[in-house]
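Undergrad: The structure under discussion is supplied below as C-alpha cells; questions concerning it will follow.
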Amino acid sequence: MGKVYLTGAGPGDFELLTIKALRVIQEADIIIYDRLANPDILKEAKKDVEFIYVGKAKGSHSVPQDEINEILYKAALKHESVVRLKGGDNFVFGRGGEEGIYLYDRGISFEVIPGITSSIAVPAYAGIPVTHRGITTSFRVVTGHESANKEVSQIDWSSFTTNETVVFLMGFHNLGKITKNLLKIGKPKDYPCAVISKGTTKDQKVVVGTLSDIVEKSKGLETPALIIVGEVVNLREKLQWN
Ligand code: SAH
C-alpha cells in the first residue's frame, strides 16, 4: 500500500513551490491534479508517471469530490507514491481535509505538504500586505462563491464592519454582489479594493479601485482572480515592486 501526499502547488510562480513539494512530485508514481496556475510544475515528474486531471475543463464540471476521494484511495492501493496536487495550499479552500479523512477511514497513510496560499502571496506580489501595523490587526480569507439560487447568503455580512482586511477567493464572478453587500453594511463608497488576476505569474494583472468603481474597472480580467478589500490596498503605492 502506498502513501498519498496532499501537496500544495503554490500560487503560480514556479519558484514558490516548496522544496518538499518538488521532491515528492519528482518521486511520484501518479499525480492527481486540478487546474494549476502553473502547469510547468508537472514537467518535473518522472517520465513514466501517470497523470489524472480532475479539475474543471472549459464548459464542463470538475470531477465530483467523492469520486476524487475514491481515485486517491485506489491510486494508493496500486502505487507507492501518490501526489494529490492542488493550487496554493490544500487546506485553504482546497478540500484537503475531506481527502485526508477519506484516506484515514480506509487505513491509507498520507502526508500534508502545505503550499504557499494565493490568499497571501497574490496580494504580496501586488505590493499589498494583508496586515500592517496601525492599519489593521487582522485579515480573513472568505469564499466569494455562492450559488446563484441561494436566497439567503451563507456569509455573515454584518461581521464585516471592522477595518479587517478581507480576501475573497472564488468570488470574481460575484464581485458585484460582494461590493453591494459591503456598501449595504455601511462601508464607505471610496473604501479601497483591488482585484488581482493570475497573481505571481507573468500574466499578473492588478486593478485598484474602490467599492463603487471596482466592478467597472476590473471588467474583462481573467481567472483565477482574487479580491482584496481594506485600507492596506493603498500601501501598493509605495510597495509595488513587481
Ligand atoms: N487552495 C488555494 C485556493 C483555492 S480556491 C490557495 O490556497 O491558494 C481558488 C481561488 O483562489 C480562485 O478562485 C482565486 O480566487 C484564487 N487564486 C488561486 N490562484 C490565484 C492566482 N494565481 N491569482 C489570483 N487568484 C488566485
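Undergrad: Pop out the carbon and sulfur fraction of the accessible area of the chain as a percent, whole number, probe 1.4 Å.
TA: Carbon and sulfur together cover 53 percent of it.
Undergrad: Tell me, what is the per residue accessible area of region 32-139 in Å², probe radius 1.4 Å?
TA: That works out to 55 Å² per residue.
Undergrad: Can you spot the lysines whose alpha carbon is less than 24 Å from K86's alpha carbon? Ignore those fewer than 8 places along the same chain.
TA: K3, K20, K43, K46, K47, K56, K58, K74, K78, K198, K202, K205
Undergrad: Taking the Cα centre as origin and putting +1 on Lys and Arg beta-carbons and -1 on Asp and Glu beta-carbons, what dipole magnitude results for region 118-239, to the nearest 20 debye?
TA: 140 debye
Undergrad: Once you keep just the Cα pairs under 8 angstrom separated by 6 or more residues, what percentage relative contact order results for the chain?
TA: Contact order relative to length: 21 percent.
Undergrad: A follow-up question, please. Checking a compactness column here: for the chain, what do you get for Rg(Cα) / (2.2 N^0.38 Å), N being the number of residues?
TA: Rounded to two decimals, the normalised Rg is 1.08.
Undergrad: Hey, can you grab everything whose amide H is under 5 Å from the amide H of L211? Only 5+ residues off in sequence or another chain; H modelled, so Pro and N-termini drop out.
TA: Counting only residues 5 or more places away or on other chains, the set is Y191.
Undergrad: Among V207, V122, V167, whose Cα lies farthest out toward the positive end of the dipole of the chain, if unit charges sit on the beta carbon of Lys, Arg (+1) and Asp, Glu (-1)?
TA: V207
Undergrad: Then there's this: For region 3-113, what is the charge dipole size about the Cα centre, in debye to the nearest 20, if Lys and Arg each add +1 at the Cβ and Asp and Glu each add -1 at the Cβ?
TA: My answer is approximately 140 debye.
Undergrad: Between region 59-112 and region 140-203, what's the alpha-carbon centroid distance in Å?
TA: Here the answer is 28 Å between Cα centres.
Undergrad: Follow-up question, since we're still on this one. Using packing as a proxy for protection, rank 44-52, 126-134 so that the peptide with the highest average count of other Cβ atoms within 10 Å comes first.
TA: The peptides rank, most packed first, as 126-134, 44-52.
Undergrad: Now, a different point. Check each of the trypsin sites (Lys or Arg not before Pro) in region 184-217 and keep only those in coil by DSSP with at most 13 other C-beta atoms within 10 angstrom; list them in order.
TA: Counting only loop positions with at most 13 other Cβ atoms within 10 Å, the trypsin sites (Lys or Arg not before Pro) in region 184-217 are K189, K202.
Undergrad: Whole-Hz Karplus ³J(HN,Hα) for region 44-57, in order, using 6.51 cos²θ - 1.76 cosθ + 1.60 and θ = phi - 60°, x for Gly and Pro?
TA: 7, 6, 4, 4, 9, 5, 9, 10, 10, 8, 10, x, 7, 8
Undergrad: Just the accessible area per residue of region 187-242, please: how many Å² with a 1.4 Å probe?
TA: Here the residues of region 187-242 average 53 Å² of exposed surface.
Undergrad: How large is the dipole of the chain about the Cα centre if only Lys and Arg carry +1 and Asp and Glu carry -1, each at its Cβ, rounded to the nearest 20 debye?
TA: 520 debye
Undergrad: Which value in nm describes the separation of the simple spin-label points at S60 and Q240, placed 7 Å from the Cα toward the beta carbon?
TA: With each label point 7 Å from Cα toward Cβ, the separation is 4.1 nm.
Undergrad: Mind computing the radius of gyration and Dmax over the alpha-carbon atoms of region 118-239? Å is fine for both.
TA: 13.3, 42
Undergrad: To two decimal places, what compactness ratio does region 3-113 give when its Cα radius of gyration is scaled by 2.2 N^0.38 Å?
TA: 0.97
The values are calculated or read from the model by the stated rules, or taken from the named source; none is laboratory data. All values derive from a computational prediction rather than experimental measurement. Here Cβ is always computed from backbone atoms with ideal geometry, including for glycine, and neighbour counts include all displayed protein chains. When the accessible area is computed, the model is the full protein with side chains, heavy atoms only, and any ligands, DNA or RNA have been set aside. Shrake-Rupley method; radii C 1.70, N 1.55, O 1.52, S 1.80 Å.
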